[in-house]
1. What share of Cα pairs, in percent, lie more than 26 angstrom apart in the protein assembly as shown?
2. Which value at 222 nm does the protein assembly as shown reach when only helices count, each DSSP H run of 4 or more adding -39,500 (n - 2.57), with the total divided by all residues and rounded to the nearest 500 deg cm²/dmol?
3. List the distances, in nm to one decimal, from the label point of residue B:24 to the label points of the same position in every other copy, shortest first, placing each label point 7 Å from Cα along the Cα-to-Cβ direction.
4. How well do other chains shield peptide B:150-162, expressed as the mean number of their Cβ atoms within 10 Å of each residue Cβ?
5. Could you name the residue in chain A with the C-beta closest to the rotation axis that superposes chain A on chain B, along with the separation in whole Å?
6. Placing the label point 7 Å from Cα along the Cα-to-Cβ direction, what are the distances from residue B:56 to the equivalent spots in the other copies, shortest first, in nm to one decimal?
7. When you look at the Cβ of every residue in B:163-172, what mean number of other chain Cβ atoms sits within 10 Å?
8. Specify, per residue and in Å³, the volume enclosed by the convex hull of the alpha carbon atoms belonging to the stretch A:5-193.
């Protein structure tokens, strides 16, 4: 397909949200995936732009029909990425970025072998711990839980294609832009975008 | 290994030489592979920089000991890429670019699974033919032979990871730079460059 599916995962504290926001500002061809959710719209959220808001019955019916590429329950609400929605975007040549954890990434990879996996790491464990300690107002048990969760996420780094180490923010953004740029130049999307050039060369 | 091995292939007329020259100017971390050859040094060529000049006996002995990643005979002279030389460069974190044809690329890929293959295509067959016709001083048989050779090379495009279509030169250079930049951010070289960060995360 002419579009590229980008998966971005990271432990909390790695700076993923900032990086993705900067990428979206600089690269107009990348859009965030629009998830289905059963939670109530918050003020300012727009149906179809921020989320596809659906009822619980509808969500569960979609899920049982296998319409989700990945789905999860968070704080009693369901979230899922519609396979059909995603295929439509990629077929139209749009690049879609999914921010998910390693489990979601595994589910997506199974359905979309062509997905490009990007993992964001902090520059060191010491710096990650500093960031997770936050303003020093949380108790040690909470901090220990956060560090444990971050480590559990990071142990899946080897399942990703690219690793960006977020030490200097500007460097990390340039890195992310290069990965997205290169992802568009892989054989499969180039072939889908230029059939007149490739079809005389490839028989299958 | 911390360095990246880049293979660049293209049919003649695709503009590979210009693109690679521009990349080397802009990206000081990439160097051309230094081949062994049995041909005589030309004026200005420096041993170890342009080529490693060796005698025919020495070349054949190296070849029979399996010391070449790939080798070829062109106009009665032997050329080959020394496996040991290449491994030394990559281990030292240098990025090495090999300009070779699809056959050489296959040989290299077998020895270095981590090599990144980049194929340069012209924007269309019509433009390629125009370029191969040159200044209109060659006979039709010569031109037909060139077109045939270019097509034979291009039929191997699907063996490469990235495809750059050289329509606008500036765009193609930016594309090539992005691919090289992203190649350095793949899991394997990142892991080799940052063992202190990765080793607590990965057991194997």
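Read-outs throughout are calculated quantities, based only on the coordinates presented, and are distinct from any laboratory measurement. The structure displayed is predicted, hence computed values, not measured ones. Here Cβ is always computed from backbone atoms with ideal geometry, including for glycine, and neighbour counts include all displayed protein chains.
1. Counting pairs separated by more than 26 Å, the tail of P(r) holds 62 percent.
2. The per-residue figure over the protein assembly as shown is -13000 deg cm²/dmol.
3. 4.3
4. That average works out to 3.
5. Reported as residue, whole Å: A:182, 2.
6. The answer, with the shortest distance listed first, is 8.5 nm.
7. The shielding value for this peptide is 2.
8. 140
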